[in-house]
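Take a look at the structure set out below.
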Amino acid sequence: MGINVPRESLVSAVYDDLKGRGLVSPEDRELCIQDINYHLDYLEEAIRNSSPELFEDYVLWADILLRNLGLPEECLRGSLKSMEKVMLEILDDETASLASSYISGSLRKLEMEHKPPSYIRDQPLRDLAEKYLELVLNTEAKKARDLIISSLKSGVNVEDIYLHVFEPVQHEIGRLWQTNQISVAHEHYATSVTQMIMSELYPYIYQASERKNLKLVAACVNNELHEIGIRMVSDFFEINGWDSVYLGASTPPEDFRKMVDELKPDLVAVSATMTFNVGHVRSLIKILGELDDSPPVMVGGYPFNVDTELWRKVGADLHAASASSAVRVAEEFLKTE
């Protein structure tokens, strides 16, 4: 089920309601319309997947972001209330009732405490993670690289670097951006440094395990640019003896299908980080399912951890909540086939 009203007219009606309530000024029109569209992207995807959890999680994330940008609480709440009012007026009864329930649920969630904690806590290699984070935030790429390489040479294994340094640091970078403590430029720089260092670690990855005669094809779904997570998944499979073919970010579905048809892997791994890309996951799974020798598909990424049944809803065969668990989940699945 989707929202079967032209987006432009829906957005215009929501904006007019906000303007009528004195919550926006003419000079804010462009930014306000951009935000309304963004809210609707997440709401529509949540409705299509029968997943209020996806929209509630987005609203909590957006509230933290907007408040840390200095915007009043009523900015988001007012937009949601106007969306609900307009939808009850112009959508068919069934869709309007469903949309209203999702929005009302998210407004109730906003009344609960939802401050995001630091991702670098009491954990293995905490000191190393904190130092690495400090270096990348200070734009000291060479020192960050040397820190990781020296740690590996001193006996830290590459899996622990991925699991206890790269993964929590990337999450922490995202939290710092969300809370307006760093800029988008800082976030992009930190990600590029981690990707650069990861590319130097393949000698450690290839020597980590005996080969298993199993093949993985992994990529981000079309339109998805957040690739570090799925790249880590691919590397974990390689560490554990698989041959991993990593296709990268925003892989066109037909090209993905052709590669899978050519390589005939034992497993395909697909990632989406942004909720509005979940539909692309569903479409890709359908395309791959049309192959004569269709492989099982594992999905992962943030929305699949928010709604733990979402992987079933998109038609996937299995789901892994993290890079570190993906190999175990996959090998247990293949044993039962």
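Quick notes on this one:
- Element breakdown for the chain at a 1.4 angstrom probe: carbon and sulfur atoms account for 50% of the accessible area.
- Global form of segment 191-305, assessed from the alpha-carbon gyration tensor, a/c cut-off 1.5: oblate
- Here each label is just a point 7 Å from Cα along the line to Cβ, and for E111 and Y38 those points are 2.6 nm apart.
- Taking every protein chain into account, the accessible area of the chain amounts to 48 square angstrom per residue (probe 1.4 Å).
- Only aspartates and glutamates eight or more places from K153 in sequence, or on another chain, were considered; those with a Cα closer than 18 Å are D127, E200.
- Low-density loop positions, GluC sites (Glu not before Pro), segment 116-161 - DSSP coil, at most 15 other Cβ in 10 Å: E140
- Cleavage-rule hits (GluC sites (Glu not before Pro)) in segment 48-88: DSSP loop, at most 12 neighbouring Cβ within 10 angstrom: E73
- Cut-off 14 Å between beta-carbons: net charge of the residues surrounding H226, Lys and Arg +1, Asp and Glu -1: -3
- Note: relative contact order over the chain, using C-alpha pairs below 8 Å and six or more positions apart, is 14 percent.
- Taking a Cβ cut-off of under 15 Å around R48, the surrounding Lys, Arg, Asp and Glu residues balance to a net charge of -2, with basic ones at +1 and acidic ones at -1.
- The C-alpha atoms of the chain define a longest principal axis, and helix 141-153 lies at about 50 degrees to it.
- Net charge of Cβ neighbours under 11 Å - reference V327; Lys, Arg +1; Asp, Glu -1: -3
- Length available on full extension from D243 to F333: 0.36 nm per residue minus the Cα-Cα distance, which gives 30.6 nm.
- For segment 152-241: rounded, prolate or oblate by the Cα gyration tensor [a/c cutoff 1.5]: oblate
- Whole-angstrom gap from segment 29-103 to segment 255-302, using each part's C-alpha centre: 29 Å
- Cross-link pairs beyond the 19 Å C-alpha cut-off, checked among K115/K313; K215/K258; K313/K335: K115/K313; K313/K335
- Equivalent ellipsoid dimensions for segment 258-337 as semi-axes, Å, which come from the Cα gyration tensor, largest first: 19, 16, 10
- For S244, the amide hydrogen comes within under 5 Å of the amide hydrogens of L216, counting only partners 5 or more places away or on other chains and with H modelled in the peptide plane.
- Over the chain, DSSP H runs of length four or greater, each weighted -39,500 (n - 2.57), average out per residue to a 222 nm ellipticity of -19000 deg cm²/dmol.
- Ordering of 40-48, 254-262, 25-33 by burial proxy (mean other Cβ atoms within 10 Å per residue, highest first): 40-48, 254-262, 25-33
- Full extension of the segment from D93 to E30, taken as 0.36 nm per residue of separation minus the current Cα-Cα distance, would add 19.7 nm.
- FRET E, pair S199, E73, Förster distance 45 Å, beta-carbon r, rounded to 0.05: 0.55
The values are calculated or read from the model by the stated rules, or taken from the named source; none is laboratory data. Just so it is clear, the model here is predicted, and its values are computed rather than measured. When we count neighbours, we look across all protein chains shown, and the Cβ atoms used for this are built from the backbone with ideal geometry, even at glycine. To get the accessible areas, we keep the full protein, side chains included, count just its heavy atoms, and leave off ligands, DNA and RNA. Shrake-Rupley method; radii C 1.70, N 1.55, O 1.52, S 1.80 Å.
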